[in-house]
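Contents: one structure, followed by commentary.
What follows draws every value from the coordinates through simple rules; no lab data is involved. Bear in mind that the values here come from a model prediction, so they are computed numbers and not experimental data. Methodologically, a virtual Cβ is constructed for each residue, glycine included, from the backbone with ideal geometry; neighbour enumeration extends over all protein chains shown.
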Amino acid sequence: MDFELEDADSLSGLEDRVLRAVNLVTSLKEENAQLKARLATAESMAQAATTAREQAESVLADFRANSGKAEKELELLLAERKQVKTRIEKLLGQMDLLSAT
């Protein structure tokens, strides 16, 4: 009779362990699915960030190219302004000479 009671106890203990193992496996599968979803989201965000960075680098390169052109144009305009100013001063000086005579 004790033998049957021991078998029942060890069978009950085994049953409990199997149930805990099943619950643990189920929980781990759910956690794994959640982690895969988070990974997919993170990978998508990383790809979007990479694309945005590449676009920003392209815009920056265009800006730098245009910036150089604008600087050269500004230098030309300043040189032309200086020439015009000098010529106007000469003309004004000549007009002063004419009015003085």
| field | lysines whose Cα lies under 17 Å from that of K90, excluding same-chain neighbours fewer than 8 positions away | value | K82
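Residue separation times 0.36 nm, minus the C-alpha to C-alpha distance between T50 and L74: what's the value? Kindly include the intermediate steps, with their values, before the conclusion.
On the way: separation 24, 0.36 × 24 = 8.64 nm, distance 3.54 nm.
That pair, T50 and L74, stretches by 5.1 nm at full extension.
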| Which residue fluctuates the most in the chain, going by a Gaussian network model with Cα springs under 10 Å, if the choices are L35, L78, L91? | L91
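Loop-only GluC sites (Glu not before Pro) in region 18-101, please: DSSP not H, G, I, E or B, and at most 10 other Cβ atoms within 10 Å.
On the way: sites: E30, E31, E43, E54, E57, E71, E73, E75, E80, E89; in loops: none.
Within region 18-101, no GluC sites (Glu not before Pro) qualify (loop, at most 10 other Cβ atoms within 10 Å).
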| said: Taking each pair of distinct Cα atoms in the chain once, what is the resulting Kirkwood hydrodynamic radius in Å? | reply: 22.7
